[in-house]
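Beneath this line is the structure, given in structure tokens, with notes to follow.
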Amino acid sequence: MKRILITGATGFVGRHLIAALNAAGGAPGAEIFGTCFPERPESCSDLCASAPNTRLVHLDLRNGAQAVDAVRAVKPEWIFHLAALSQVRLSWLLRREVFDTNLLGTYNLFEAARLHASKARFLFVSSSDVYGFLTPHKRRLRETDGGSVVSPYAFTKKSGELLSEFYALREKLPVIVARPFPHTGPGQTPVFVCSDWARQVALIEKFKQHPEAARGKGDRAGAKRTDVPIMRVGNLSLRRDYMDVRDVVRAYVLLMKKGRPGEIYNVSSGRAPSLEWILKTLIGFSRRKIAYEIDPARVRNVDIPYLAGDNRKLREVTGWTPAIPLARTLGDMLDYWRARV
């Protein structure tokens with residue numbers, strides 16, 4: 001029976017990864033150990049109920065001794081390292097926490113693996129944010145492209161890739177790097193844009209959110225307003241290679257089986273729809289008419305205008321292809337929020 005360790009198992013991606021491992025084509029019958037922090041295992045009983053083969057361990061990866069104890073106790077054959085503080089905007093405000101969790105935590109896990117699970121295949125999950133601003137903008141990015149780090153979060157992920165390279169080359173750990181592009185789906189926290197918009201649409205449908213009513217077309221300030229709810233949004237011209245999280249975790253499992261240690265793999269669709277298309281698609285699913293306006297306060301000073309990845313390397317090595325259209329992802333996410341608001 002395979003023993004698998006997943007850091008950050010109770011998070012959005014971790015839960016979907018556990019489902020993928022338990023599905024046909026994953027690792028059915030495996031014994032899965034998942035870490036959670038800051039929450040305690042007893043607060044995640046829903047996950048254990050849905051995946052009885054999963055045991056949760058409270059682990060603060062910033063504590064090297066705890067990381068060593070956990071890996072020594074589990075003796076994993078596979079390690080999926082998902083745990084990270086992943087909100088780009090928050091990384092500017094909580095720089096020390098992001099560095100400690102994403103960089104020191106990754107180092108501690110590598111050291112624990114070196115000492116007690118040196119043969120375990122190790123998947124480090126990086127981020128397409130490491131590419132930053134590259135010229136030309138509007139082409140699919142390749143793993144060999146350089147990077148231009150534009151946030152503390154991206155810096156920690158780029159540093160994690162360098163750590164991965166060091167442990168693969170110098171310590172001979174079988175480390176593989178996944179470089180996922182943006183992904184979304186049911187269960188994502190609303191601090192991320194697609195889930196935030198889906199939640200707002202669900203709230204508006206149930207009359208639980210009452211944004212400022214939209215002006216009628218051509219109305220002047222102070223004129224009578226319509227009763228159409230309005231969503232306030234940021235920069236809609238940005239284009240992102242969004243994927244369904246269920247496709248992403250399927251790629252992670254395939255990389256664990258077939259990926260070459262020491263290599264980096266883009267996990268991407270190769271397409272980059274605009275945020276405006278995503279917003280209009282969600283509004284198009286709504287049972288109520290909804291308008292939207294750009295709110296300058298929601299427009300970031302630093303934003304990558306175009307982000308799409310070349311996935312040929314991943315496809316050639318693993319046979320993976322994305323299977324879920326983005327419109328279906330958005331519809332599933334809206335249904336998720338409809339059941340919860």
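Can you tell me how many residues in the range 26-53 are within 18 Å of Ala73 (Cβ to Cβ), charged (D, E, K, R) and more than 23 Å from the chain's Cα centre (by Cα)?
Residues that pass the stated criteria total 1.
State whether one or more residues within the range 99-117 are in contact with a Pro (Cβ under 7 Å, 6 or more places away or on another chain), more than 19 Å from Leu254 (Cα to Cα) and part of a loop (DSSP other than H, G, I, E, B).
yes
Can you go through Ala73, Ala67 and tell me which one is without any contact (Cβ under 8 Å) to a residue 40 or more places away in the chain, part of a helix (DSSP H, G or I) and more than 23 Å from Phe181 (Cα to Cα)? Don't jump to the end; show me each part of the working.
Values: Ala67 fails: without any contact (Cβ under 8 Å) to a residue 40 or more places away in the chain.
Of Ala73, Ala67, the one residue that is without any contact (Cβ under 8 Å) to a residue 40 or more places away in the chain, part of a helix (DSSP H, G or I) and more than 23 Å from Phe181 (Cα to Cα) is Ala73.
Which of the residues spanning the range 80-89 are assigned to a helix (DSSP H, G or I) and touching a helix residue (DSSP H, G or I) at 6+ places or on another chain (Cβ under 8 Å)? Walk me through how you get there before you give the answer.
Pass one, the range 80-89, residues assigned to a helix (DSSP H, G or I): 88-89.
Val88 - this is the single residue of the range 80-89 that is assigned to a helix (DSSP H, G or I) and touching a helix residue (DSSP H, G or I) at 6+ places or on another chain (Cβ under 8 Å).
To keep it simple, each residue is scored yes or no on (1) at pLDDT below 95; (2) of a type in the set (Gly, Ala, Ser).
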residue: Arg15; (1), (2): no, no
residue: Gly25; (1), (2): yes, yes
residue: Ile32; (1), (2): no, no
residue: Leu47; (1), (2): yes, no
residue: Val57; (1), (2): no, no
residue: Lys75; (1), (2): no, no
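Could you grab me the full set of residues in the range 255-293 that are more than 21 Å from Arg140 (Cα to Cα) and either aromatic (Phe, Trp, Tyr) or free of Cβ contacts under 8 Å to residues at least 12 places away in the same chain (or both)?
Lys280, Gly284, Phe285, Tyr292
Does any residue in the range 110-133 that is over 30 Å from Tyr306 (Cβ atoms) come within less than 6 Å, Cβ to Cβ, of a residue that is among the charged types (D, E, K, R) and in a helix (DSSP H, G or I) six or more places away or on a different chain, and which pairs are these?
His116/Arg72
I need every pair where a residue in the range 142-153 that is over 17 Å from Ile264 (Cβ atoms) has its Cβ under 8 Å from the Cβ of a residue that is of a type in the set (Gly, Ala, Ser), sequence separation at least 6 or different chains.
Val150/Gly132; Ser151/Ser91; Pro152/Ser91; Tyr153/Ser86; Tyr153/Ser91; Tyr153/Ser127
Could you say whether any residue in the range 295-311 is charged (D, E, K, R), in contact with a strand residue (DSSP E or B) (Cβ under 9 Å, 6 or more places away or on another chain) and part of a loop (DSSP other than H, G, I, E, B)? Break it down stepwise before answering.
Pass one, the range 295-311, residues charged (D, E, K, R): 295, 298, 300, 303, 310.
Adding the requirement that they be in contact with a strand residue (DSSP E or B) (Cβ under 9 Å, 6 or more places away or on another chain) leaves 295, 298, 310.
Keeping just the survivors that are part of a loop (DSSP other than H, G, I, E, B) gives 295, 310.
Checked against the condition, which is being charged (D, E, K, R), in contact with a strand residue (DSSP E or B) (Cβ under 9 Å, 6 or more places away or on another chain) and part of a loop (DSSP other than H, G, I, E, B), the range 295-311 yields at least one hit.
State the number of residues belonging to the range 11-35 that are buried (at least 22 other Cβ atoms within 10 Å of the Cβ) and either in a strand (DSSP E or B) or among the hydroxyl-bearing types (Ser, Thr, Tyr) (or both).
Number of matching residues: 4.
Applying the selection to the range 313-337, what residues are without any contact (Cβ under 8 Å) to a residue 40 or more places away in the chain and of a type in the set (D, E, K, R)?
Within the range 313-337, Arg315, Glu316 meet the criteria.
Could you count how many residues in the range 255-274 are assigned to a loop (DSSP other than H, G, I, E, B) and in contact with a Leu (Cβ under 7 Å, 6 or more places away or on another chain)? Walk me through how you get there before you give the answer.
Step one: of the range 255-274, the residues assigned to a loop (DSSP other than H, G, I, E, B) are 259-263, 268-273.
Adding the requirement that they be in contact with a Leu (Cβ under 7 Å, 6 or more places away or on another chain) leaves 262, 272-273.
Of the residues in the range 255-274, 3 are assigned to a loop (DSSP other than H, G, I, E, B) and in contact with a Leu (Cβ under 7 Å, 6 or more places away or on another chain).
Going by the conditions given, is Leu103 touching a Ser or Thr at 6+ places or on another chain (Cβ under 8 Å) and closer than 25 Å to Leu162 by Cα? Explain how you work it out, then say what you get.
On the way: touching a Ser or Thr at 6+ places or on another chain (Cβ under 8 Å): yes; closer than 25 Å to Leu162 by Cα: yes.
Criteria met by Leu103.
Rundown of residues vs (1) among the hydroxyl-bearing types (Ser, Thr, Tyr); (2) touching a residue at least 60 places away in the same chain (Cβ under 8 Å); (3) more than 22 Å from Ala178 (Cα to Cα); (4) surrounded by fewer than 21 Cβ atoms within 10 Å (Cβ to Cβ), yes/no style:
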{"position": "Gly8", "(1), (2), (3), (4)": "no, yes, no, no"}
{"position": "Glu39", "(1), (2), (3), (4)": "no, no, yes, yes"}
{"position": "Leu47", "(1), (2), (3), (4)": "no, no, yes, yes"}
{"position": "Arg55", "(1), (2), (3), (4)": "no, no, yes, yes"}
{"position": "Leu59", "(1), (2), (3), (4)": "no, no, yes, no"}
{"position": "Val98", "(1), (2), (3), (4)": "no, no, no, no"}
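The values are calculated or read from the model by the stated rules, or taken from the named source; none is laboratory data. For clarity, every value in this text was computed on a predicted model and none was experimentally measured. All Cβ positions, glycine included, derive from the backbone under ideal geometry; neighbour counts span all protein chains shown.
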